[in-house]
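The block underneath contains the structure these notes are about, expressed in structure tokens.
The values are calculated or read from the model by the stated rules, or taken from the named source; none is laboratory data. Because the structure is predicted, anything quoted here is derived from the model rather than measured. Positions of Cβ are generated from backbone atoms using ideal geometry, with glycine treated the same way; all protein chains shown enter the neighbour counts.
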Amino acid sequence: DSTGKGLLDFRSHVDASCRYSEEFTNIYYDCMDKKRRTLTRLYLDKATLVWNGNAVSGQAALGEFFESLPSSEFSVQTLDCQPVHELATQGQTTLLVVTAGQVKFDGHKQRYFNQNFLLTAQASPTSDQPVWKIASDCFRFQDWSS
Amino acid sequence: MTSFRKWYPNLAVVAHVQVGQDEGVVVQREVTSKGKLPGEHGDRVRGPHFRGGRKVQCSFQGREYDDPARRQRPRGSPGPEHLVHFEDNIVDVSVNNIRSQDGSWQRRFDPYSWANQRGDWRFDRERRGAGDYAGGGRTKDSWYKMTIPYGKKYNKKWLLTALQNKCSVPFKPVHYQTEGHKAQFYLEDAFTAHALVRASRQITDSEGYKVLVLMNPCPPPSILNTELKPQDTAWLKQCMAKRFDSSQRTLDLNQLRSDPDLVSQNVCPILSRKIFMDAVVKIIEENIPELVHLNLSNNKLYQLDSLADLITSAPHLKALNLSHNQLKTEKVLDRLKGLKLVDLWLEHNPLCDQFKDQPSYISAVRERFPQLVKLDGYDLPLPIVFDVVATSTIPPCKGSYFGSEEIMFLILHFLQQYFSVYDSGDRQPLLNAYHDGATFSLSQPSSQSLSRCLLREYHKDSRNLKHLKDPSTRFRLLKHTRLNVVALLNKLPKTQHDIASFNIDVNTHTSMLLSFTVSGVFKEVEGAFQDGVRAFSRVFIAVPAGNSGLCIVNDQLFVRIATMEEICSAFATPAPTPSSSLVPALSTPKQEMLSTFSLKSGMNLEWSQKCLQDNNWDFNIAAQIFTQLKN
């Protein structure tokens, strides 16, 4: 089912996703650490977050949630990314971004975390590059039960 | 002593310092007058001599006529006590104790004595008194202009005090000013004005002249208007515009009263008067709300009430100069609490002398302006601040999040099947679980040497974009199509997953897509690290498949070494065997429920038990679930 052209498309798609995911994670964690108030701009209006089993959805709730978290210092050590099959996304270009590393929340000890995002590309009114927004976000401490 | 000379240039003061007999050092002062002092009626005052062993406190204190300290002084008694008073307290010259022409000692004004004599009438007087300007009902010439010829030379406070001492009724002078050689002010009340006139010639000044008091009816003074005349406001505004530096956003109102533009227009902007300060603040509010620096020095300000509006109307105000004014206590600063001042000048205000040392001065000011960095031109030492921002807490961590029971069953069912194949030793059947165009990649923590060692079987296929930059390698390590996916899975070490340890988070669920993250632990079952416990986090993205199943389109696996805690709690429950995992402790009804449920749902006993347990073995709920699953 992969024609030569299809493979090429897929290859460039993968290349592009790697770059987007790197750029995205840089922006995301920088925002999380230094500009927390602007973090919700990276999320879709109806985005969902599951944070250590706590479900949060919608801009307003997300805003409140991030505001309630202490200030953070993230250190991403592992990054992986896959383009999501179009069957699942009904044509909307989507990336799966998976990260792992450590985070220190102010007043708490440093902990390891695993996180993954579904990013969807939205057409930008001002450029031909898409604007990536988080459709879903899943975060968990590796030692969440302790 | 210097002040003494200023007001009484014709008097000489000679201080003798003596060692007294019993009381140590004593200062004696002789006051003599020099030069000719022609009095109106030839009366002259000779400064009295003071002898005696009293220690003298030399302090200047202004006293108002109703100073409580006065009342306690024995009245009418002549003697050194009053002479002390005369020398030390320039303002409060106890002129009433000077012998008048008829030789009788004048009594000091004592409000209580008056009240005793005249009953309540005094209180009426006070209520209606000269201090009350706010009332209306002014007739054409309802006020009185009181003139003191040659009054210009007198200190205002001395004069008014002396007059009050002589006046049987308390009066409040309005708009005291000097004109030529005269001093004048206004009184509203006829009775008060008449009472004051009776004080004429009752006071003799230092030169021996009698102080005259004249009174003339007049219309209410324009100074009483609560608002400036429009043209005055216009001039004030123009003057302020001239004094405003827009590049620095600075307004310099230093010594505004002597501004030549205003003086030439006969506008007398006495900023200590509410009407003027209000006008200034309003002009700021309407025209330059962006004001950052404001200089109000040398304006005889004694209160800051009108400035309080600046807190809202000039929110950017950071620097304020209130130096060289008449602010008496630190309390006046309370009115400006809320101004985010960074730079403040307060020197040369009486309030500065009230502090016993600089640290207390600084902390009193800082109390009102916590962000202050400069005071009186000096950089302040950094304040000791306790960070009172409450450390937010992290929300409590919870277990699996499914979003709905339906999804929970769907996923549990799927995972049970998936891992039973995954752990079986041959992963080939997993082809059925993946979509044709599925992708898979794995990653692991790269930095820790221990994990690199223990996870070396995974290492060569590990795809960490943080460290892996070559696009070809990046591409190669992303397995695409189910054949490639399962081929890799088959090469990975054989495992035994602890399903009981699984935690599942469902991040997205749409009609076409189900994305969930599974985390838990597994054991290596063969090879160099047999029985080694590993922890994993695995993201599945699936689309619906026939027979209410799932078809994987994306699979990302993260593997790491398990922590001690995870190792200890891992595999606490016995691994499921195909036969049965009935816990003997279950009661018979429960056993029955369990087997029925398992049959109906298609899940093995262990999963079925887990679901029932989660629902508290509630038969009704279980029945609902049967129905849903059947459909």
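Scanning segment B:295-330 for residues that are surrounded by fewer than 14 Cβ atoms within 10 Å (Cβ to Cβ), hydroxyl-bearing (S, T, Y) and over 23 Å from B:S363 (Cβ atoms) yields B:Y302, B:T312. How about segment B:261-272: which of its residues are touching a residue at least 12 places away in the same chain (Cβ under 8 Å), more than 14 Å from B:K237 (Cα to Cα) and not aliphatic (A, V, I, L, M)? Result: B:S272, single match. When residues in segment A:67-96 are screened for being under 16 Å from A:I27 (Cα atoms), out of contact with any Leu (no Cβ under 6 Å at 6 or more places or on another chain) and more than 9 Å from every other protein chain (Cβ to nearest Cβ), 4 of them pass.
When segment B:241-254 is examined, which residues are found to be outside any helix (DSSP H, G or I) and either modelled with pLDDT of 90 or more or not hydroxyl-bearing (S, T, Y) (or both)? Before the answer, list the steps.
At the first step, the residues of segment B:241-254 found to be outside any helix (DSSP H, G or I) are B:243-254.
Across segment B:241-254, the qualifying residues are B:R243, B:F244, B:D245, B:Q248, B:R249, B:T250, B:L251, B:D252, B:L253, B:N254.
Results for (1) of a type in the set (V, I, T); (2) at negative phi, shown as yes or no for each residue.
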position	(1), (2)
B:Y434	no, yes
B:S443	no, yes
B:S446	no, yes
B:R456	no, yes
B:D470	no, yes
B:R476	no, yes
B:T481	yes, no
B:V485	yes, yes
B:K494	no, yes
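Is segment B:474-488 home to any residue that is within 27 Å of B:I567 (Cβ to Cβ), aromatic (F, W, Y), out of contact with any Leu (no Cβ under 8 Å at 6 or more places or on another chain) and within 11 Å of another protein chain (Cβ to nearest Cβ)? No: segment B:474-488 contains no residue that is within 27 Å of B:I567 (Cβ to Cβ), aromatic (F, W, Y), out of contact with any Leu (no Cβ under 8 Å at 6 or more places or on another chain) and within 11 Å of another protein chain (Cβ to nearest Cβ). Suppose we filter B:P584, B:P544 for residues that are surrounded by fewer than 21 Cβ atoms within 10 Å (Cβ to Cβ) and at pLDDT below 65; which single one remains? After applying the criteria, what remains is B:P584.
How many residues are under 15 Å from A:K133 (Cα atoms) and not hydroxyl-bearing (S, T, Y) if we restrict to segment A:33-62? Don't jump to the end; show me each part of the working.
Applying the first criterion (under 15 Å from A:K133 (Cα atoms)) to segment A:33-62 yields A:38-49, A:57-59, A:62.
Pick out the ones that are also not hydroxyl-bearing (S, T, Y) and you get A:39, A:41-42, A:44-47, A:49, A:58-59, A:62.
Total satisfying the criteria: 11.
Scanning segment B:438-463 for residues that are surrounded by 21 or more Cβ atoms within 10 Å (Cβ to Cβ) and facing chain A (nearest Cβ under 10 Å) yields B:A438, B:T439, B:F440, B:S441, B:L442, B:S443, B:Q444, B:P445, B:S462, B:R463. Looking only at residues of segment B:552-579 that are at pLDDT below 70 and surrounded by fewer than 12 Cβ atoms within 10 Å (Cβ to Cβ), we find that the one that is farthest from the chain's Cα centre (by Cα) is B:S579. Filtered by the rule that a residue be among the hydroxyl-bearing types (S, T, Y) and touching a residue at least 40 places away in the same chain (Cβ under 8 Å), segment B:281-317 gives a lone residue, B:S297.
Here are B:Y458, B:Y434: which of them is of a type in the set (F, W, Y) and over 30 Å from B:E406 (Cα atoms)? Even if it seems obvious, please write down each step before you answer.
On the way: B:Y434 fails: over 30 Å from B:E406 (Cα atoms).
Sole residue among the options that is of a type in the set (F, W, Y) and over 30 Å from B:E406 (Cα atoms): B:Y458.
Looking at this structure, is A:H108 within 12 Å of chain B (Cβ to nearest Cβ) and touching a His at 6+ places or on another chain (Cβ under 7 Å)? Judged against the criteria, A:H108 is not a match.
Criterion first (under 24 Å from B:V263 (Cβ atoms), assigned to a loop (DSSP other than H, G, I, E, B) and in contact with a Phe, Trp or Tyr (Cβ under 8 Å, 6 or more places away or on another chain)) does B:L236 satisfy it? I'd like the intermediate steps shown before the answer.
Numbers: under 24 Å from B:V263 (Cβ atoms): yes; assigned to a loop (DSSP other than H, G, I, E, B): no; in contact with a Phe, Trp or Tyr (Cβ under 8 Å, 6 or more places away or on another chain): yes.
Answer is no for this residue.
Within segment A:114-128, is even one residue in a strand (DSSP E or B) and of a type in the set (G, A, S)? Within segment A:114-128 (the criterion being in a strand (DSSP E or B) and of a type in the set (G, A, S)), the answer is yes, since at least one residue qualifies. Residues in segment B:317-357 that are modelled with pLDDT of 90 or more and among the hydroxyl-bearing types (S, T, Y): B:S323 only.
Do the conditions hold for A:T40, that is, is it in contact with a Gly (Cβ under 6 Å, 6 or more places away or on another chain) and without any contact (Cβ under 8 Å) to a residue 60 or more places away in the chain? Steps first, answer last, please.
Numbers: in contact with a Gly (Cβ under 6 Å, 6 or more places away or on another chain): yes; without any contact (Cβ under 8 Å) to a residue 60 or more places away in the chain: yes.
Judged against the criteria, A:T40 is a match.
I'd like to know if segment A:44-55 contains one or more residues that are free of Cβ contacts under 8 Å to residues at least 24 places away in the same chain, assigned to a strand (DSSP E or B), within 24 Å of A:Q142 (Cα to Cα) and facing another protein chain (nearest Cβ under 7 Å). Yes. Of all the listed residues (B:A542, B:A535), the sole one being under 22 Å from B:N464 (Cβ atoms), within 11 Å of chain A (Cβ to nearest Cβ) and small (G, A, S) is B:A535. Condition test on A:S17, is it buried (at least 20 other Cβ atoms within 10 Å of the Cβ), more than 7 Å from chain B (Cβ to nearest Cβ), closer than 30 Å to B:S472 by Cα and small (G, A, S)? Considered against the rule, which asks whether it is buried (at least 20 other Cβ atoms within 10 Å of the Cβ), more than 7 Å from chain B (Cβ to nearest Cβ), closer than 30 Å to B:S472 by Cα and small (G, A, S), A:S17 comes out as yes. Could you check how many residues of segment A:111-146 are within 16 Å of the chain's Cα centre (by Cα), facing another protein chain (nearest Cβ under 10 Å) and either among the acidic types (D, E) or exposed (fewer than 15 other Cβ atoms within 10 Å of the Cβ) (or both)? So the answer is 1. Of the helices (runs of 4 or more DSSP H) lying entirely inside segment B:255-325, those containing at least 3 residues that are β-branched (V, I, T) are B:274-287.
Give the residue that is nearest to B:T481 (Cα to Cα), with candidates limited to residues of segment B:551-569 that are in contact with a helix residue (DSSP H, G or I) (Cβ under 6 Å, 6 or more places away or on another chain) and more than 8 Å from chain A (Cβ to nearest Cβ). So, considering only residues that are in contact with a helix residue (DSSP H, G or I) (Cβ under 6 Å, 6 or more places away or on another chain) and more than 8 Å from chain A (Cβ to nearest Cβ), the one nearest to B:T481 (Cα to Cα) is B:I552.
Give segment A:59-75 a look and list any residue that's in a loop (DSSP other than H, G, I, E, B) and surrounded by 17 or more Cβ atoms within 10 Å (Cβ to Cβ), or say none. Once the filter is applied, which keeps residues that are in a loop (DSSP other than H, G, I, E, B) and surrounded by 17 or more Cβ atoms within 10 Å (Cβ to Cβ), segment A:59-75 yields only A:L69.
Looking only at residues in segment B:331-365 that are among the acidic types (D, E) and in contact with a Lys or Arg (Cβ under 8 Å, 6 or more places away or on another chain), which one is surrounded by the fewest Cβ atoms within 10 Å (Cβ to Cβ)?
B:D334
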